[in-house]
Amino acid sequence: MKKVVSILLICISMFFMTGCSIKKTSEVTDEEKFAMEYDVTVDNPFSYIEYDNLQETFNSDKAIIYFGSSNDENSQTISKFLTENLIDSEIKEIYYFDPTKLGKKEEKALVKLLNSKLDSSIKNITIPSLYLIKDKNVTPIIEELDHKEIENQNDLSTDEKEQITKRYKELLKD
């Protein structure tokens, strides 16, 4: 009985601590959802994209698509870096998709789509990966980025951080 009362009291106190306001899942914005998953600020450029819209986006004139997973440490690092360093840039939207949630059939179709767009022969979707689409041309740019630099950004000087950020912005700019 004490356990039930304790659990009830905890639930009631949590309700009041949240300001008596609980958002429905449908009311949470993409920025809020991404912030919760990746522990970044709500002021981030990420918008979730559905699997069914990926092909259309890869065929668009201009877009940035980010493949990551909140369960992946490198995705966490890249997401935080992008959020922190692109806030003041002209980049307002990066489409986010988690390919780890795909079934085998969808994953094969996505690999086939990427191979057709990249003129390459990849076998798997790599996370994290970042693709820049300009005039229907797709350029993978995550390979351009040095993960070690980003992972150790706390050990870098202000000048080194600015150089990495500048490189990101240059790669992603219109």
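General remarks:
- Among the residues of segment 46-79, those that are farther than 21 Å from Lys105 by Cα and touching a residue at least 60 places away in the same chain (Cβ under 8 Å) comprise Ser60, Asp61, Lys62, Ala63, Ile64, Asn74, Thr77, Ile78.
- Answer residue from segment 41-57, given it is farther than 17 Å from Leu130 by Cβ and not β-branched (Val, Ile, Thr) and is surrounded by the most Cβ atoms within 10 Å (Cβ to Cβ) among those: Tyr51
- Residues of segment 92-107 that turn out to be in contact with a strand residue (DSSP E or B) (Cβ under 7 Å, 6 or more places away or on another chain) and either free of Cβ contacts under 8 Å to residues at least 60 places away in the same chain or of a type outside the set (Ser, Thr, Tyr) (or both), as a count: 5
- Among residues of segment 153-174 that are on the phi < 0 side of the Ramachandran plot, those with a beta-carbon under 8 Å from a residue that is at pLDDT 65 or above and among the β-branched types (Val, Ile, Thr) at least six positions away or on a different chain give the pairs Gln153/Ile164; Leu156/Ile164; Lys169/Ile91; Leu171/Ile141; Leu172/Ile64; Leu172/Ile91; Leu172/Ile141; Lys173/Ile91.
- The single residue among Met36, Met14 that is more than 30 Å from Asn115 (Cα to Cα) and at pLDDT 75 or above turns out to be Met36.
Here's the yes/no breakdown for (1) at pLDDT 75 or above; (2) surrounded by fewer than 14 Cβ atoms within 10 Å (Cβ to Cβ):
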| residue | (1), (2) |
| --- | --- |
| Ile125 | yes, no |
| Lys136 | yes, yes |
| Glu143 | no, yes |
| Lys161 | no, no |
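- Criterion violated by Ser6 - all others in (1) among the hydroxyl-bearing types (Ser, Thr, Tyr); (2) modelled with pLDDT of 85 or more; (3) over 25 Å from Ser89 (Cβ atoms) satisfied: (2)
The values are calculated or read from the model by the stated rules, or taken from the named source; none is laboratory data. Just so you know, these numbers come straight off a predicted model, no measurement behind them. Note that each Cβ is placed from the backbone with ideal geometry, even for glycine, and that neighbours are counted across all protein chains shown.
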